[in-house]
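The values are calculated or read from the model by the stated rules, or taken from the named source; none is laboratory data. This one's a predicted model, so the numbers in the text were calculated from it and none came from an experiment. Backbone-built Cβ (ideal geometry, glycine too); neighbour counts: all protein chains shown.
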Amino acid sequence: MTSVALALPLADEQRLVAEAGRHGHRVVARCSGADDLAAQLETARPELAVAAAAPQYLSSRVVAACDAIGVRLLVVAGSVQERRFAATLGVVDAVDAPFEWAARRTPVDTGVDEETRVRPARATPVPSSADEAPRRGLVIAVWGPAGAPGRTSLAIALAAEVADAHAARSGGQTTIALADADTHAASIAPALGLLDEAPGFAAACRLAGSGALDPPQFERIAQQHRAGRGEIHVLTGLGRASRWPELSAERVSGVLTAARDWAAVTVVDVAAGFEHDEELMTDLNAPRRNAATIEVLRSADLVVAVGAADPIGLSRYLRAHADLAELVEPDRVHTVINKVRSSAIGLNPAAQVRQTLARFGGIEAAVLVPWDPAGFDAALLSGRPLLDAAPRSAARAAIRDLAGLVRANVAP
């Protein structure tokens, strides 16, 4: 029998597991996501891996692991967006969803990789023309532990700096998006003085769930807001926290995948919690309130992790940062310590913060944002980003440097 590892939505997984034996397959691993699949490949050593073409279930790490240990990879795609996502990872041919064991023979059965062909991890798909090249934008998650470290303020300021820099370089032709995926206390809309009766991110999730989300729909539901020389396209968050079940992991994944074809950079503000404890208390099929945060963190190209520069804030950040490392690869995380001030830390606060991060968290590189309550208050009062409300703010200068690190990750 062929040993198989699965990384698929629960309904597809259960269906394939029930039918596997009749078709000569033995399921040795049922994985909850891409990170779990990559780990199981090393231990279970299956002959075949079947994964859905979504960031939640498929990643470059999975492709590299399959190449390294000789596991056949079968990728299942249910939409054009999913096929484009698979192409960015080097998967040339994905099979149509829903996959059935009886639909065709597997690559292991035939000895030839007929289901899906994967290029080496370092190869880049070469389009036949510039018009056919998949345009992939960058997704940045802004996260921080509980305790109001300034996630939303930083997300708004960062998106504005990126939009301003891109407008100066491209004449305003580049789309920069800001999305509020906080399922506990969404606040981007009131911070910018925008209406949130029809939350844009929830609308995007509904469209993604029906397979109807594309750039024109993004333009319809997003609200434009001026940011320096450019503008940001804002997907507002939930006006009522009780609507959080609308932001399921599958829908959020679909939004992020579609956003890569719409915006050059999408900054996503998420809630603090990403614990899985809720799975112990509810039915497996029930929605998860932290699913949106977990999905954004897993799918993001970069995670801007924000902590507050005071004894409590640093302690919370270091503990949460250790937990974050179990969910996100460390090389995707940029540490930002906000509200740096001598009144809470002591003399030479920047040096003390860096020493604390290095000693207790092994964090050598961090962006430090000075404490500037007047500047952020001016931004909040006027409903504008920091660069417009307080252009000479020291905090704004630090966030502009952070935006430079972001731009370095955007392909020209």
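Okay, residues lined up against (1) acidic (Asp, Glu); (2) out of contact with any Phe, Trp or Tyr (no Cβ under 7 Å at 6 or more places or on another chain); (3) over 28 Å from Ala258 (Cβ atoms):
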position: Glu47; (1), (2), (3): yes, yes, yes
position: Ala51; (1), (2), (3): no, no, no
position: Ala65; (1), (2), (3): no, yes, no
position: Leu73; (1), (2), (3): no, yes, no
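Taking segment 136-162 only, how many residues are farther than 21 Å from Val328 by Cβ, modelled with pLDDT of 95 or more and of a type in the set (Gly, Ala, Ser)?
3
Among the residues in segment 379-386, are any surrounded by 22 or more Cβ atoms within 10 Å (Cβ to Cβ), in the same structural domain as Thr152 (by TED's automatic domain parsing) and under 25 Å from the mean Cα position of the chain (by Cα)?
Of all residues in segment 379-386, those surrounded by 22 or more Cβ atoms within 10 Å (Cβ to Cβ) come to 379, 385-386.
Applying the additional criterion that residues be in the same structural domain as Thr152 (by TED's automatic domain parsing) yields 379, 385-386.
Next, only the ones that are under 25 Å from the mean Cα position of the chain (by Cα) stay: 385-386.
Yes: one or more hits.
State which residue pairs qualify: first residue assigned by TED's automatic domain parsing to the domain that holds Pro149 and inside segment 313-339, second residue in a helix (DSSP H, G or I) and hydroxyl-bearing (Ser, Thr, Tyr) in any location, beta carbons under 7 Å apart, and separation of 6 or more residues or different chains.
Leu314/Thr356
How about segment 127-231: which strands (runs of 3 or more DSSP E) wholly inside it have at least 1 residues that are without any contact (Cβ under 8 Å) to a residue 12 or more places away in the chain and surrounded by fewer than 23 Cβ atoms within 10 Å (Cβ to Cβ)?
In segment 127-231, 223-227 are the strands (runs of 3 or more DSSP E) which contain 1 or more residues that are without any contact (Cβ under 8 Å) to a residue 12 or more places away in the chain and surrounded by fewer than 23 Cβ atoms within 10 Å (Cβ to Cβ).
From the residues in segment 67-93 that are farther than 21 Å from Leu213 by Cα and under 23 Å from the mean Cα position of the chain (by Cα), which one is surrounded by the fewest Cβ atoms within 10 Å (Cβ to Cβ)?
Restricting to residues being farther than 21 Å from Leu213 by Cα and under 23 Å from the mean Cα position of the chain (by Cα), the top hit is Gly90.
Of the residues Ala249, Ala308, which is touching a Pro at 6+ places or on another chain (Cβ under 9 Å), surrounded by 21 or more Cβ atoms within 10 Å (Cβ to Cβ) and modelled with pLDDT of 95 or more?
Being touching a Pro at 6+ places or on another chain (Cβ under 9 Å), surrounded by 21 or more Cβ atoms within 10 Å (Cβ to Cβ) and modelled with pLDDT of 95 or more holds for just one of Ala249, Ala308, which is Ala308.
From the residues in segment 397-406 that are in contact with a Leu (Cβ under 9 Å, 6 or more places away or on another chain) and closer than 22 Å to Ser170 by Cα, which one is modelled with the lowest pLDDT?
Keep residues of segment 397-406 that are in contact with a Leu (Cβ under 9 Å, 6 or more places away or on another chain), which gives 398-400, 402-403, 405-406.
Then drop every residue that is not closer than 22 Å to Ser170 by Cα, which leaves 399-400, 402-403, 405-406.
Working: Ile399: 95, Arg400: 92, Leu402: 90, Ala403: 90, Leu405: 79, Val406: 76.
Within segment 397-406, the match that is modelled with the lowest pLDDT is Val406.
Hey, Gly33 hits all of (1) at pLDDT 90 or above; (2) within 19 Å of Ser248 (Cα to Cα) but one; which does it fall short on?
Condition (1) is where Gly33 drops out.
Hey, among the residues in segment 41-66 that are among the small types (Gly, Ala, Ser) and either more than 17 Å from Asp12 (Cβ to Cβ) or surrounded by fewer than 23 Cβ atoms within 10 Å (Cβ to Cβ) (or both), which one's nearest to the chain's Cα centre (by Cα)?
We begin by selecting, within segment 41-66, every residue among the small types (Gly, Ala, Ser); these are 44, 49, 51-54, 59-60, 64-65.
From what is left, the residues that are either more than 17 Å from Asp12 (Cβ to Cβ) or surrounded by fewer than 23 Cβ atoms within 10 Å (Cβ to Cβ) (or both) are 44, 59-60, 64-65.
Working: Ala44: 28, Ser59: 12, Ser60: 14, Ala64: 20, Ala65: 21 Å.
That would be Ser59.
Hey, Pro215 hits all of (1) within 21 Å of Ala86 (Cβ to Cβ); (2) in contact with a helix residue (DSSP H, G or I) (Cβ under 7 Å, 6 or more places away or on another chain); (3) not β-branched (Val, Ile, Thr) but one; which does it fall short on?
So Pro215 meets the others, but not (2).
Checking Asp269 against (1) within 12 Å of Ala159 (Cα to Cα); (2) of a type in the set (D, E, K, R); (3) surrounded by fewer than 24 Cβ atoms within 10 Å (Cβ to Cβ), which single condition isn't satisfied?
Condition not satisfied by Asp269: (3).
Return the only residue of Leu402, Leu357, Leu368 being touching a residue at least 60 places away in the same chain (Cβ under 8 Å) and either surrounded by 18 or more Cβ atoms within 10 Å (Cβ to Cβ) or small (Gly, Ala, Ser) (or both).
One residue alone meets the criteria, Leu402.
Can you work out which of the residues in segment 44-58 that are touching a residue at least 60 places away in the same chain (Cβ under 8 Å) and not in a strand (DSSP E or B) is nearest to Glu295 (Cα to Cα)?
Among those residues, the one meeting the criterion is Gln56.
Just to be sure, is Leu314 touching a Ser or Thr at 6+ places or on another chain (Cβ under 7 Å) and either of a type in the set (S, T, N, Q) or not in a loop (DSSP other than H, G, I, E, B) (or both)?
yes
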